[in-house]
Every structure is written in structure tokens, then in C-alpha cells.
Amino acid sequence: MSTSSDTLAAAPPAVELEGITKRFPGVVANHDIRIAVEPGTVHAIVGENGAGKSTLMKILYGMQRPDEGRIRVHGEDVNFRTPSDAIAAGIGMVHQHFMLADYLTVLENIVLGAEPGKGGLLDTAGARKRINQLAESHGLRVDPDRIVEDLGVGDRQRVEILKVLYRGARILILDEPTAVLVPQEVDELFANLRELKAEGLTVIFISHKLDEVLSIADAITVIRRGTTVAAVDPASVTARQLAELMVGSELPTPETRESTVTDRVVLDVRDVTVQRGAAKPLLEDVSFPVRAGEVVGIAGVEGNGQSELIEAIMGLQTLSRGRIVLGEDDITTWSTLRRREAGIGYIPEDRHRQGLLLEAPLWENRVLGHQTREPARKGIWVNRTASRKDTERIVAEYDVRTPSIDTLALALSGGNQQKLIVGREMSGAPKFLIAAHPTRGVDVGAQAAIWDHLRTARAAGLAVLLISADLDELIGLSDSLHVIYSGRMVARLDPSQVTPEQLGGYMTGAIAEEQS
Amino acid sequence: MMPARLQRTLLTLAGAAVAVLLAVAISSVAILAAEASPITALEAMFDFGDTQAQVATAVAFILNRAVPLFIAGLAVAIGFRMNLFNIGIEGQYRIAAIVAAFVGSQFVLPGPIQITLIVVVAMLVGGLYALIPAVLKVTRGVNEVISTIMLNYIAINLAAFLVRGPFTGEREAGQLTTSTPQLPESAWFPNLNFLFEMFGLPAPRGGLWGFLTVAILVGVIIWVVLERTRFGFELKASGLNASAALASGVNPKRMVISAMVLSGAIAGLIGMPEILGRTHAYGSNFTAGLGFLGIAVALLGRNKPVGIAVAALLFGFLDRAAAPLQFADIPPSVIAIIQGTIVLLVVIANEITSRMSMRQEERRAARQLDTTSQAQAEVAA
């Protein structure tokens, strides 16, 4: 393990991934991933949420096994079955969510699972000596006798790192380590990482915060849609270029297509603010109209208020301020059910979580969300005959590839599940549709079909709110484009004019709010 | 190819059968450890007696035992359907039984009306008692497992107090137990002994409780509610995927309240067969533990009315075997071991078979789609 530091230049990569592919039923999470991490460097892996970073790390840490491809550690082929195998090979993982026992001391947490014994007793003195040694040589100050509950976030992270080092790791994976830290703590962490690097350790750093990545990384690999799209040198790349790589830079040739936008406002979001407690608002004074026949796109790096906006419109989130108007009706205080009955359709961002009953047959999934409406309902009954018949219609019209409508939803591929959802949400003549990442994790064929359906519905007068991380999708479908950044609408752009630089700039907050 | 649903059902049945056989095998070890012969034990369990009267009595015992267990299983299953764990069936049925028994003894009306009123009171009390944990959960986020367990203690002790205090009836000389006042004869549920006579059998001792008919009716109604109504669909959706149900406009608070109250109302019926059919009063020796057994019965029956009926009959059958086992010098606690192992193994078997059938389903779909895409390719070529 430690021989690698002798001759840095000639040494094989600390970690080398070659052609890693991982499929889940119906979805390809990782496809032909290629990464080479040089020893003694900080190597950043960047990509949008859902791009496949976490699956990749689980594979590297032995939590999941790849379907194809090879992993080499210091030039040797490895085959991890469990995280213990990865630990034995000198790979350690610091999880985004700390895995510490609150009521144990720092020392106890560090040795937990790898307790040094001495005649059946815990060798506390030995452990303390070793921890202090590690802490000193890597500049990770912690008091081994403090209770973890009393520690701040930065200290806890140091404990996590020590825990990994204690197990002899020479390669550290840090999963979004800065997500929970305040700026000063980030600086401290980076100082620690540089120290580790100086000691000859290798750090794999996963993030989507581009400025941080640029300041700490020696090499960067970009992942998009489950595959590695670029390996770049941080010295010769800007944050904006990185953002383009992350979300897909090639703009489709602006389609000259007829605008179907009318002047009839279907959904009007007015000054919507969502705030929990005294914290910074998750959404602040968001206002925009969506007209009949219009697709309004929302661009933004994930976690900037998109989910809250969707929830606010669906009635899953109470507003601190503002109103939402559907047609003539103020629906701010309406229940989710009433909003759906009034003609709001919803393609959720996570279909397994919000869109499907995986263990129920397709036709019952057709009823979901329509349980109070025709054709699914008949008085107090579920109208089975009509629901089944209408499911047959969706299967045919939306090309859902399934053996039958009695098949359980879980047996379908991601693309077919999504087509079923799209078909369901378009049923019953909706007035307004929320499409959140409508083509995430679906294959290319299904993607094109879903786009076509959205275009057709738009031409028929449907008002659509499109939230997506895929810039091609946003630019190709939207009639107008808003950028959301830390809970606020920072720009309204014309999708036929926008450049990826502009969009990336607004999305990462590099370009300040529009002066208006 | 076999229809997917049929295949799933067959797989489930096969799993249950294997589980029961395994449970018998494991119990045999326990019987051997008790220095008795498993064969003798099995013979004793299936020995319903020598005379026709004994057989009739045995059959009636099994059914009379199965009826309250079936109702208890239904009550549990309603909550389980949406992952709501109503452990409070025990308390709900005890408190419902004593109140209904007391109220029923306070007036005399024509039979059907008297009985209906008693049943309605029992359901009301059970439902209201279950409303407490439901409201606590919805308004304060109190876990229903904890609150229903606590409310069991309250209900059991409250019932014990009521039967000795405010609700106590006259005690005959020499009687050791206290009970509520006797129900008027109009509240005695007619028995179903004529069924035995139809088969040329003598009437069983103690009689076959007529509440069996009500239980069957309730079972059918619950099946219809769970499988065919909008409420049943929302219940199922909430259980399968709570966040999808929420996003689809199902109000989780309303579901918790209605499922819990319905579960409690059904629980209120558990004590009715015994009170209306045999004791005609709530006494201090009233059958206890049916609520907890109901959890096992519901688990065994996979929360489906037909399955629960089978499970209740199985439990009734095993409970009856306790006496003959004793005559054969085998400790009757063997029955408890069999019941316990069956429940455990069936739960395990359910998990395994459901995983198997899901994987099968995925493969079927993949296979079928492969053949269609091949066919399309051929057409294209």
C-alpha cells in the first residue's frame, strides 16, 4: 500500500476505473466510466445530482458491484464484494451524512468496528497514542476524549476522516464534504486535505460546487448522464466552462417552430415565499405566469428552490407569503386533491418516490392521482373496467412497452414507467402540467417520445412548467426560460438567444441578478 | 403462459404450505424434547372424538374460536394495509365489550333491534377508543404503536374496574366471578345448531354461535371496502408509497383517522360472539388476548380477508387440540410453539415469495419485450 509514494511519476494510478457500467432494472446508472486518479493528488469528480456520482462511489467502495468494467488500485485488479474489501485495499469513505455514534467519545467512535484488543479488553492507551499520532501528522486536531454530541460539524468531519485513516486508508473518498460546512470550515478542511496530500495520500473529492473544486483539485473528471464526459486540468478551465460540461454545452440548433403561446394566463405564481423558521427563505418572492400553450422552463443547479417551488404549486408546502392562481381561482389554500381535480398534472422528479405504486399493477397506477375523477371513479367505487380500459389506451398511445396492464409497475423499465406517468398526467384534460426532470434516467427513445408528447400537448393549449437539469431539454422545449438561484428568480431569458455561458453564469451565481 | 396474477397466488400458497410443514417439523422437535411422540401428537390433534356428539362439539369449538380471531385479524389488517400498527385492538375490544354488555342489559327491545343496538354501541366505543391514538398521531405525531400499547393498559384496567364497580350486576350466591348484569333474552343471538342437524349430526354442546353469520358478512364487506372502493385504494396507496399517495392528493391525516377508527370499530365486534352467544354478560373471566392473537392472524393471512379466515380457522383448530394433547400426555404448550413457529415462518415465506414473484415479474416483462422487439426487427428486415 505505502510503496506507491516512492516514485511518483512512474507509479501506476492510485485508482483506475475502466469501462465501468452499472445497470438497474430499466436504468443505466453508470455507463463506460473511465477515470484515472494519480497517487498523491486531490482528484475531483463533478456532476449534477443524478448524474451517477453516488453510484460510482458505491461501486468504488464495494457497496455495489459493477456489471462491466475493471477497477485497479495501484495497478492491481481488484474485485470488491463488500466495503471491507475496499478498506482492506486501503480505500476509505467519508460519507456526506456523518455516521457517528453521538454518545460515544471521539476515540470510541474512531476505533468502533476496529477495536484494538489487549487480553479481551479495549486497548484505550494504544488507541489514543495511535490517534494522536495520526492527528498530529495530518494536522487534524481533535480531543479524543470529547463526546461526539458536543462537537461541531467541522470537528465531526475530522473525526470521520480520522476514522478512515485509522483503518489504514491511503485513498480517501469524500462525498460532498463541503455541503454541511460554513466557509471557514471549508478552508480548514481544504488545509487538512492539502496536508493529507503532502503525506502522499490520495483524495477523491465529489462535489458540484465548482469554485471549491477549482481551488482544491489537481485534476477534475466531469460526469454527465452516467458517463465521464471530460477530464480537465483545473488550471486551464473556468467555473463556467465546467458548468457547461456538467449540464451539456452543445446547444441544439434553435428550432424555428411556431410559437403556440397565447395571452391567456393559466397559472400565475405571485410573490411566493417559503421560509422555515428564521433561516434564509427557500423561495423568495418568486413570480411568473404560465400561459396556455406555453412551456416555461426553470434552469438552476439542483437544490436552489426547485423542489420547494413544485411543492408549493402542488399544495404540499405551505406558503409564508404570496399567492398561486389557477385560471380565475386563487388556489393558495386548496388541498393537493382539489388542485389536481382542478386540472393540475404532475410528472414528479423522482417517479419511484412520488409517481408510482411499484408493487401495484399498471392499471392501479393509472388510478393514482385520479381516484376521485372519471374514468377511475364511480361513486364510492373504483371503476375497474373503465380504469383498465383507459390504461390500455395509455399503453397504446404512449407506447408503454409492457406485457399487460396487470404487470406490476416495478417490472417496467424507467422509460416505460415514465411514459405511463406522462400518459396518466395528460389524462383528463389537464390545464397545467408540472414536468420535473421528465426524461431523467430514461433511454434516448423514450426521451424523444416524451418530448414529442409535451410539444403536442403544448400545441393543444396546455400550460407547462418544465424543471430540468438538462440544458438541451430546457432550451429545446421552453418558450421562456427562468433561472433560479438560491431561492430567487435571477433572470428571465429567451431560449432562442441564450448562450451556455450566460446560462451557466446565472445558474452558478457568477452573474449577479439582472438589473431591472 | 400462466397469467401473472395466478402465478403470484400459486407462489404465495406454495410458500405458506412449506411454512406450515416446516413449522410442524420444528414443533416435532419440541414434542420429542418433551419426551413424547410427534405422531401421537398429530393423531391427537386430528382426533375429534369417538361419538358424533363429540365431533360436532369439536367442530363448533373450532368455529367459535375462529370467529373472534377472524374479526380481530380483520381489524388489525385495516391498519396494516397502510402501515398503521394498531396494537390497541386488545384494549379496544375489551372496553367495547364491557360497555356494550352493560348498555345492552339496561333495556329490553325486540331481538333484532336489541342486538343491533348492542353491536352498534360496541363498534362506536371501539372506534372512539381508537380515535384517541389517531388524533394523537395526526396532531402531535405520537407513534401509534406506543400510544395504543399504553391505551391497552388503561382499557384493561378500566374494564376491570367497571366490572367490579359501576357496571357490576347481581352476583348469585356461590359465584366467584363478578360480571355485568345479564342481558335480556332478546339480546341472545340465536345459535346455528340447525346446521349440524342438517348433516344429521347432534347439536354440539354449548352450540355454534350465530355471530358466525355476522362475521362472514363483515368479512365480505371489508373485502369489498379494501378491494373495490376508493377508500380501499387510498388505503393501499398510502401503505405502498406514502409520498406518492400524498402527491396524488390523498390526505394522510384523514386516512390515519379513518383507518384507525374503522379498525377500532371492527375491533369492537371481537367480544360480541362470546357475549351475545354464550355468557350474555361481560365477566371478569372474559376471554382475553384476542387482540394480540389478531395480529398474528392478520400476519398469517397477509392482510387479506380470505387469508385471515384461513388463518383464524387454523388457529381455532390448533387451540382445540390443546385438550386432546393433554389427554395424550403431551404438554399443551406445544400448541403455542406450533402457532408461534407458523407465524414466524409464514412471515419469512411471505417475504421470500414476494421477492421471488417481483423478480419473476421483472424477468417476464423483459422476456416478453425482448420477443416483441425481435419480432419488430424481423418485420423491419
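The values are calculated or read from the model by the stated rules, or taken from the named source; none is laboratory data. Note that the structure is a prediction, hence the values are computed from the model and not measured. Using ideal geometry, Cβ is built from the backbone for each residue, glycine included, and neighbour counts are taken over all protein chains shown.
What to note about this one:
- Residues (out of contact with any Asp or Glu (no Cβ under 8 Å at 6 or more places or on another chain), in a loop (DSSP other than H, G, I, E, B) and within 13 Å of chain B (Cβ to nearest Cβ)) located in region A:308-325: A:Gly315, A:Leu316
- Spans of helices (runs of 4 or more DSSP H) in region A:120-224 with at least 2 residues touching a residue at least 24 places away in the same chain (Cβ under 8 Å) and of a type in the set (Gly, Ala, Ser): A:124-138
- Any chance A:Ala463 is closer than 18 Å to A:Ser427 by Cβ and either crowded, with 22+ Cβ neighbours inside 10 Å or assigned by TED's automatic domain parsing to the domain that holds A:Ile421 (or both): yes
- When the criteria are applied in full, A:Arg225 meets the requirement of being modelled with pLDDT under 85, surrounded by fewer than 22 Cβ atoms within 10 Å (Cβ to Cβ) and of a type in the set (Lys, Arg).
- Residue check, A:Val296 buried (at least 20 other Cβ atoms within 10 Å of the Cβ), modelled with pLDDT under 90 and either assigned to a loop (DSSP other than H, G, I, E, B) or not assigned by TED's automatic domain parsing to the domain that holds A:Lys209 (or both): no
- Of all residues in region A:380-416 being more than 10 Å from every other protein chain (Cβ to nearest Cβ) and touching a Leu at 6+ places or on another chain (Cβ under 6 Å), the one that is surrounded by the fewest Cβ atoms within 10 Å (Cβ to Cβ): A:Ile405
- Number of the exception - A:Gly428 against (1) away from chain B (no Cβ under 14 Å); (2) over 27 Å from the mean Cα position of the chain (by Cα): (1)
- The set of residues from region A:343-367 being over 26 Å from B:Arg359 (Cβ atoms) and more than 7 Å from chain B (Cβ to nearest Cβ) comprises A:Gly343, A:Ile344, A:Gly345, A:Ile347, A:Glu349.
- Odd one out for B:Ile95 among (1) among the β-branched types (Val, Ile, Thr); (2) more than 17 Å from B:Ala281 (Cα to Cα); (3) crowded, with 18+ Cβ neighbours inside 10 Å: (2)
- Close pairs (7 angstrom Cβ cut-off, 6 or more residues apart or separate chains): free of Cβ contacts under 8 Å to residues at least 24 places away in the same chain and surrounded by fewer than 17 Cβ atoms within 10 Å (Cβ to Cβ) in region A:260-276, of a type in the set (Val, Ile, Thr) and assigned to a loop (DSSP other than H, G, I, E, B) anywhere: none
- Among (1) more than 7 Å from chain B (Cβ to nearest Cβ); (2) buried (at least 24 other Cβ atoms within 10 Å of the Cβ); (3) closer than 18 Å to A:Ala312 by Cβ, the one test that A:Arg340 misses: (1)
- Check on B:Val119, of a type outside the set (Gly, Ala, Ser), within 17 Å of B:Met272 (Cα to Cα) and not in a loop (DSSP other than H, G, I, E, B): yes
Here's the yes/no breakdown for (1) more than 12 Å from chain A (Cβ to nearest Cβ); (2) acidic (Asp, Glu); (3) at positive phi; (4) not in a loop (DSSP other than H, G, I, E, B):
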site	(1), (2), (3), (4)
B:Val218	yes, no, no, yes
B:Val225	no, no, no, yes
B:Phe233	no, no, no, yes
B:Lys236	no, no, no, yes
B:Gly239	no, no, no, yes
B:Ala245	no, no, no, yes
B:Gly249	no, no, yes, no
B:Val256	yes, no, no, yes
B:Met260	yes, no, no, yes
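- Hits in region A:368-379 (condition: of a type outside the set (Ser, Thr, Tyr), at the interface with another protein chain (Cβ under 9 Å from one of its Cβ atoms) and in a loop (DSSP other than H, G, I, E, B)): A:Leu368, A:Gly369, A:His370, A:Gln371, A:Ala376, A:Gly379
- Of all the listed residues (B:Thr139, B:Thr177), the sole one being assigned to a loop (DSSP other than H, G, I, E, B), hydroxyl-bearing (Ser, Thr, Tyr) and surrounded by fewer than 18 Cβ atoms within 10 Å (Cβ to Cβ) is B:Thr177.
- Selection of first residues in region B:330-348 that are touching a residue at least 24 places away in the same chain (Cβ under 8 Å) and of second residues that are assigned to a loop (DSSP other than H, G, I, E, B) and buried (at least 17 other Cβ atoms within 10 Å of the Cβ), restricted to Cβ pairs under 7 Å at least 6 apart or on distinct chains, gives the following pairs, ordered by first then second residue: B:Ile330/B:Ala36.
- Summed over region A:326-337, residues that are under 13 Å from A:Ile313 (Cβ atoms), within 14 Å of another protein chain (Cβ to nearest Cβ) and not in a loop (DSSP other than H, G, I, E, B) total 1.
- In region A:373-402, the residues that are under 21 Å from A:Gly345 (Cβ atoms), among the hydrophobic types (A, V, I, L, M, F, W, C) and at pLDDT 90 or above: A:Val382, A:Ala386, A:Ile394, A:Val395, A:Ala396
- Candidates A:Glu374, A:Glu397: the one that is out of contact with any Ser or Thr (no Cβ under 9 Å at 6 or more places or on another chain) and touching a residue at least 40 places away in the same chain (Cβ under 8 Å) is A:Glu374.
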